[in-house]
2 protein chains.
Amino acid sequence: MSKDPRGNRHAHLNRDSIARAALAVVDRDGSEALSLRKVAAELGVGTMTLYHYVPSREALVADIVALLVVEMDLTISSGLSWRDGAKQVGRSLRAMALRHPRAFALVAAAASDKPPLLDFARRLRDFYVALGAPIEAFVEVWSVLDAFETGFLLLETQAVMRRSTAPHDELDQGTSELADRMPATLSEAAYEEGLEIIVGGLERRLL
Amino acid sequence: MSKDPRGNRHAHLNRDSIARAALAVVDRDGSEALSLRKVAAELGVGTMTLYHYVPSREALVADIVALLVVEMDLTISSGLSWRDGAKQVGRSLRAMALRHPRAFALVAAAASDKPPLLDFARRLRDFYVALGAPIEAFVEVWSVLDAFETGFLLLETQAVMRRSTAPHDELDQGTSELADRMPATLSEAAYEEGLEIIVGGLERRLL
DNA sequence: AGGATACTCGTACAGTGTACGAGTCCAGTC
DNA sequence: GACTGGACTCGTACACTGTACGAGTATCCT
């Protein structure tokens, strides 16, 4: 005599579609606003149903990160140098970050020793090796280059989000010439500059 | 006839001491485990008492970041070059991160347009200018260098925390030669290498 | 037919941030 | 002294979170 708890199957419900719905919530409401109840509502499903596909909230976040990371371009076109390959990866990371500015913080905060990022690191290592870089240098190259990219894009996505919300926070007391000019110039040019400096420097010293 | 609600003043209770207690909680339990109730308990005080000094949890986190950021070394010893000054700042940031590995994520995630980090950015700009760098280059220099440092230290503090907790996660299925070797070599040497590449490169191109 | 299995989800609990308002103390002023 | 107004403390309550438990139903296998 319950209202409507018929055990209907929701054909298109699985780990992947749940992660996709979660990403949609994050893209819309921001990463701190992610909640299992909201994801379930997005899918028109009871909250606890999600637990049949995803073991925990933490795992769901990992799935989101995995979804974002597979978007990266690690294809090897013929005659690609390591130098250009590294820049290609950096640019596709930036493109991903700008497609999902509110979700990027999740990528930056993700544990680098667990499946989503660890798998990516392995793919990246193979990519570099295929481009002729010595394996021994990988950890150093990866940590320096990836650190720059993650840090820069964390700043840039913050700036992007700022622009698309409240036009002016009440706390902007100090006219803040610096804050105003900073995000404005924090653009593609600065990213390319950093990329060039680091890729060039690494090539000269380690490869 | 209430149990003990005497309006005792707690002499040493103020915004600063609250931030300090909150930092202690974060250093001990991790940044996700920070809660107002825990901070209040740490101080032997009712939860709502905190709200007389701090307007919100968000503000409390900002206070913690401010506490960490003032530890940085921006002193100018005589004859200091921009090159060495920039490295000095980078090293003192790393020292701070390693002193508070569980709190560093809060610094990395802090909004760069609000008092704690904005004030630091201003102090840093003055520091660079005093060392002879052109003001126009500041935003570019700052974003590239700071991005590297933040990104690198986010990774390194993660690795440090990993070592001090569960010796082996159940999910380490894949023997993960990469994951094991990565944090080990992600050390001072790699940081110095990155610092040298970037400071050198920036100097050559912009200054 | 009967039973296992897969799936759905209502309810409940501990934990969070914080709004409200009732207390209790102290500094002034009459 | 008595009164008043503010500064301070904090108990209670509410809306929200993640998730444990177990009851319900649908489907497939024998």
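The values are calculated or read from the model by the stated rules, or taken from the named source; none is laboratory data. Keep in mind the model is a prediction, meaning the values are calculated, not measured. Quick reminder, even Gly has a Cβ in these numbers, built from the backbone with ideal geometry, and neighbours come from all protein chains shown. Just the protein is used for accessible areas: all its heavy atoms, side chains included, with ligands, DNA and RNA removed. Shrake-Rupley method; radii C 1.70, N 1.55, O 1.52, S 1.80 Å.
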**Item:** Filtered residue count, the stretch A:61-84, keeping only those that are away from every other protein chain (no Cβ under 14 Å), under 11 Å from the mean Cα position of the chain (by Cα) and more than 16 Å from DNA strand D (Cβ to nearest atom)
**Value:** 6
**Asked** Can you tell me which residues in the stretch B:33-50 are assigned to a helix (DSSP H, G or I) and open to solvent by 40 Å² or more (accessible area, probe 1.4 Å)?
**Response** B:R37, B:K38, B:A41, B:E42, B:L43, B:T47, B:M48, B:T49
**Prompt:** A:S112 is checked against (1) within 16 Å of DNA strand D (Cβ to nearest atom); (2) within 30 Å of B:M161 (Cα to Cα); (3) polar (S, T, N, Q) and fails just one. What number does that condition carry?
**Reply:** (1)
**Prompt:** With (1) over 27 Å from B:L206 (Cα atoms); (2) in contact (Cβ under 8 Å) with a residue 40 or more places away in the chain as the list, and B:M72 as the residue in question, which single condition is left unmet?
**Reply:** (1)
**Request:** Only one of these is open to solvent by less than 80 Å² (accessible area, probe 1.4 Å), in contact (Cβ under 8 Å) with a residue 24 or more places away in the chain and more than 30 Å from A:V129 (Cα to Cα): A:S17, A:S81. Name it.
**Result:** A:S17
**Message:** Only one of B:L13, B:L23 is assigned to a loop (DSSP other than H, G, I, E, B) and either modelled with pLDDT of 95 or more or more than 9 Å from DNA strand C (Cβ to nearest atom) (or both). Can you tell me which?
**Reply:** B:L13
**Item:** Selected residue (criterion: modelled with the highest pLDDT) from residues of the stretch A:138-164 that are more than 19 Å from A:L118 (Cβ to Cβ), open to solvent by less than 10 Å² (accessible area, probe 1.4 Å) and small (G, A, S)
**Value:** A:G151
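Results for (1) without any contact (Cβ under 8 Å) to a residue 40 or more places away in the chain; (2) in the same structural domain as A:A22 (by TED's automatic domain parsing); (3) in contact with a strand residue (DSSP E or B) (Cβ under 9 Å, 6 or more places away or on another chain); (4) more than 20 Å from A:D63 (Cα to Cα), shown as yes or no for each residue.
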| residue | (1), (2), (3), (4) |
| --- | --- |
| A:A111 | yes, no, no, no |
| A:V129 | yes, no, no, yes |
| A:V141 | no, no, no, yes |
| A:E149 | no, no, no, yes |
| A:E156 | no, no, no, yes |
| A:V160 | no, no, no, yes |
**Complete:** The one condition A:E58 fails out of (1) within 14 Å of another protein chain (Cβ to nearest Cβ); (2) in a helix (DSSP H, G or I); (3) open to solvent by less than 70 Å² (accessible area, probe 1.4 Å) is (3)
**Prompt:** Is one or more of the residues making up the stretch A:200-207 out of contact with any Pro (no Cβ under 9 Å at 6 or more places or on another chain), at pLDDT 95 or above and buried (at least 18 other Cβ atoms within 10 Å of the Cβ)?
**Reply:** yes
**Item:** Selected residue [at pLDDT 95 or above and away from DNA strand C (no atom under 16 Å from the Cβ)] from B:S56, B:S35, B:S81, B:S31
**Value:** B:S81
**Message:** Residue under question is B:G30, and the condition is that it be of a type outside the set (A, V, I, L, M, F, W, C), crowded, with 21+ Cβ neighbours inside 10 Å and under 28 Å from A:S112 (Cα atoms); does it hold?
**Reply:** no
